[in-house]
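Reviewing the structure listed below.
The values are calculated or read from the model by the stated rules, or taken from the named source; none is laboratory data. These numbers were taken from a predicted model, which means no experiment stands behind them. Note: ideal-geometry Cβ built from the backbone for every residue, glycine included; neighbour counts use all protein chains shown.
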Amino acid sequence: MRASSFEAVSPRQAPLGPVYAALLVQVLINTGTYLAGKRAMEELPPVTVVLWRFLLSAFVFCLLLLFTPGPKVPPRSEWRRVLMLGLLAGPINQMLFFYGLSQSTAAHAALLYALTPLGVYLMSLARGHEPPSLRASLGILTALAGVVVLLLGRGLASARGSLVGDVLILAAVSAWVVYTTEGKPFAAAHGPLRSTAWSMVAAAVLLLPVTPFALAPVRTFSASPSALGSIAYLAVLTSVVAYLIWYYALSRVPASRVAVFSNLQPATTALAAWVLLGESLHWGLALGGGLVIAGVRLTQSAPLVPVPRREVEVVGEA
């Protein structure tokens, strides 16, 4: 049936502490995604890494759907949207990201992905998902400035990545912006588990045509334990846990508030490099990290105002 109401861009009347704590966990997981991806691609082609990542994550999500109550497949009316989200998350976003990362630098990738919150906010405004907010705008720009300062301190100016790699990563960022913005109402309607599971299974299905050319089972299982562990990390922690957290947060707070947390990743990556790799700390970490935290706090403090939505379809279980 159809009903007219308000779009839930404001959070449910519940404490937001658990949401923000979960997003911090997601940031920590994604900190390792760059490292895991680079490590896996030292031994395997990007398309093989992406394919195994989504096949494994789809298998995990199928098990979760099988053993949890609720619909196992999306309603027929949502199939087109599920396929679109799967296409954005898998073949488009991740193929572009991994091929771009193989030709560019981690610093360039981090800077380009720092554009995500701004892109999500602008698209949310254009789609009518969020109201204009000066405080949120200032917070997003402050966090972006912090990322630039932090990466300049880590040698961004001297980091040389190919233009092709940077363009591919920017295209991946654009796909992630659309995935986040369009996934917001989908997650609110169906919950984070099913929203994430259906889109990840769809991504794996859409990648099946490249399986005969990219699966490379002999080469894959001959890879080192470190490379295989990196693929497992990408499949289970990044594609299952981190994506679940992402849609969990999207189902409760505006997309721009979720996306701005991604600007914490360069700071956590720098700290991880200091702890794990013995890299030195630098002036940009303190100044840039402070700006990022201030920007995130400013964005989260913006008032939440419900936005009237158009007539929407309330779907039942399939």
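There is no residue in segment 303-316 that is under 22 Å from VAL177 (Cα atoms), modelled with pLDDT of 65 or more and surrounded by 15 or more Cβ atoms within 10 Å (Cβ to Cβ). Just so you know, in segment 22-68 the residues that are more than 16 Å from THR196 (Cα to Cα) and assigned to a loop (DSSP other than H, G, I, E, B) include one that is farthest from the chain's Cα centre (by Cα), and it is GLU43.
Scanning segment 89-116 for residues that are assigned to a helix (DSSP H, G or I) and either under 11 Å from the mean Cα position of the chain (by Cα) or of a type in the set (Gly, Ala, Ser) (or both) yields ALA89, GLY90, ASN93, GLN94, GLY100, SER102, ALA106, ALA107, ALA109, ALA110, TYR113, THR116. A count restricted to segment 105-128 and to residues that are polar (S, T, N, Q) and either surrounded by fewer than 22 Cβ atoms within 10 Å (Cβ to Cβ) or under 16 Å from GLN265 (Cβ atoms) (or both) stands at 2.
Only a single item in (1) aromatic (Phe, Trp, Tyr); (2) modelled with pLDDT under 85; (3) in contact with a Pro (Cβ under 9 Å, 6 or more places away or on another chain) is not met by TRP274, and it is number (3). Report yes if some residue within segment 279-287 is among the charged types (D, E, K, R), at pLDDT 80 or above, out of contact with any Asp or Glu (no Cβ under 7 Å at 6 or more places or on another chain) and over 13 Å from VAL149 (Cα atoms); otherwise report no. Looking through segment 279-287, none of the residues is among the charged types (D, E, K, R), at pLDDT 80 or above, out of contact with any Asp or Glu (no Cβ under 7 Å at 6 or more places or on another chain) and over 13 Å from VAL149 (Cα atoms).
Among the residues that make up segment 73-82, is at least one of them crowded, with 18+ Cβ neighbours inside 10 Å, among the aliphatic types (A, V, I, L, M) and farther than 12 Å from VAL240 by Cα? The answer is yes, given that some residue of segment 73-82 is crowded, with 18+ Cβ neighbours inside 10 Å, among the aliphatic types (A, V, I, L, M) and farther than 12 Å from VAL240 by Cα.
Among the residues examined, VAL205 does not qualify as without any contact (Cβ under 8 Å) to a residue 12 or more places away in the chain, in a helix (DSSP H, G or I) and either surrounded by fewer than 20 Cβ atoms within 10 Å (Cβ to Cβ) or out of contact with any strand residue (DSSP E or B) (no Cβ under 8 Å at 6 or more places or on another chain) (or both).
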